[in-house]
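Just below is one structure, and these are the notes that go with it.
The values are calculated or read from the model by the stated rules, or taken from the named source; none is laboratory data. These figures come from a predicted structure and were not determined experimentally. Here Cβ is always computed from backbone atoms with ideal geometry, including for glycine, and neighbour counts include all displayed protein chains. Side chains included, ligands, DNA and RNA excluded: accessible areas come from the protein's heavy atoms. Shrake-Rupley method; radii C 1.70, N 1.55, O 1.52, S 1.80 Å.
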Amino acid sequence: LFDFLDHRSLPITEDGCFLAYKVVKSNYKDKYSGHVDNSVGKSVTMARYGVDDDRGNGCGSGLHAGTLEYVQSYGSFSGEDSSDKVVIVKIDPENVVSVPQDCNCQKMRCCEYMVLRDYEGEMEHNLYTDEGDEWEDMDMDLDSTYEEEFYHWN
């Protein structure tokens, strides 16, 4: 998982999950089967035992998400109404099953994610709220916060 999260623009949420990108068809159905609904607000799940856990296998079963660079190379973006879309998904690390080593570890397979929103631009901050909004207190001095807590307990 760290190999995957090491890429740019994969922020952590305040509840310890992370955000990633996913390509879907223009009707929000998955690109592989065309049956899985990835509309905003949907929680998408599958049985964990059905997700390929072999890192050496580049193409395998499971729910997929990736870096922005990866999904942009995977989708068909013509600018027409029928072109693919990119959505932002929220993933709990406990639901990650494997990060294939091909493609520079820019994709991952999991058993569950929540579709938060349509892609509106690269996520540029390291922290986001649970709802996928930019963290408002980005200028907060974390060192002084931890320092205060340390002295409070000692």
- Of V99, V71, the only residue that is within 15 Å of H7 (Cβ to Cβ) and in contact with an Asp or Glu (Cβ under 8 Å, 6 or more places away or on another chain) is V99
- Query: How about region 87-105: which of its residues are open to solvent by 10 Å² or more (accessible area, probe 1.4 Å) and either assigned to a loop (DSSP other than H, G, I, E, B) or at pLDDT 95 or above (or both)?
  - Reply: K90, D92, P93, E94, N95, V96, V97, Q101
- Task: Just name the residue that is modelled with the lowest pLDDT out of those in region 1-14 that are under 18 Å from P93 (Cβ atoms) and assigned to a loop (DSSP other than H, G, I, E, B).
- Result: S9
- Quick check: is even one residue across region 15-30 open to solvent by 20 Å² or more (accessible area, probe 1.4 Å), among the small types (G, A, S) and in a helix (DSSP H, G or I)? no
- Task: Looking only at region 47-60, count how many residues are modelled with pLDDT of 95 or more, open to solvent by 30 Å² or more (accessible area, probe 1.4 Å) and of a type outside the set (D, E).
- Result: 3
- Query: S82: open to solvent by 70 Å² or more (accessible area, probe 1.4 Å), out of contact with any Lys or Arg (no Cβ under 6 Å at 6 or more places or on another chain) and without any contact (Cβ under 8 Å) to a residue 60 or more places away in the chain, yes or no?
  - Reply: yes
- Name every residue in region 33-46 that is assigned to a loop (DSSP other than H, G, I, E, B) and exposed (fewer than 12 other Cβ atoms within 10 Å of the Cβ), in order of residue number. S33, G34, H35, G41
- Message: When you check D81 against the structure, is it part of a loop (DSSP other than H, G, I, E, B) and in contact with a strand residue (DSSP E or B) (Cβ under 6 Å, 6 or more places away or on another chain), yes or no?
- Response: no
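Rundown of residues vs (1) free of Cβ contacts under 8 Å to residues at least 24 places away in the same chain; (2) under 13 Å from C17 (Cα atoms), yes/no style:
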site	(1), (2)
D92	no, yes
V97	no, no
C103	no, no
Y113	no, yes
G121	yes, no
E136	yes, no
- Find all pairs meeting these conditions: Cβ atoms under 7 angstrom apart; at least six residues apart or on different chains; first residue within region 21-38 and without any contact (Cβ under 8 Å) to a residue 40 or more places away in the chain and of a type outside the set (D, E, K, R); second residue open to solvent by 50 Å² or more (accessible area, probe 1.4 Å) and in a loop (DSSP other than H, G, I, E, B). G34/K25
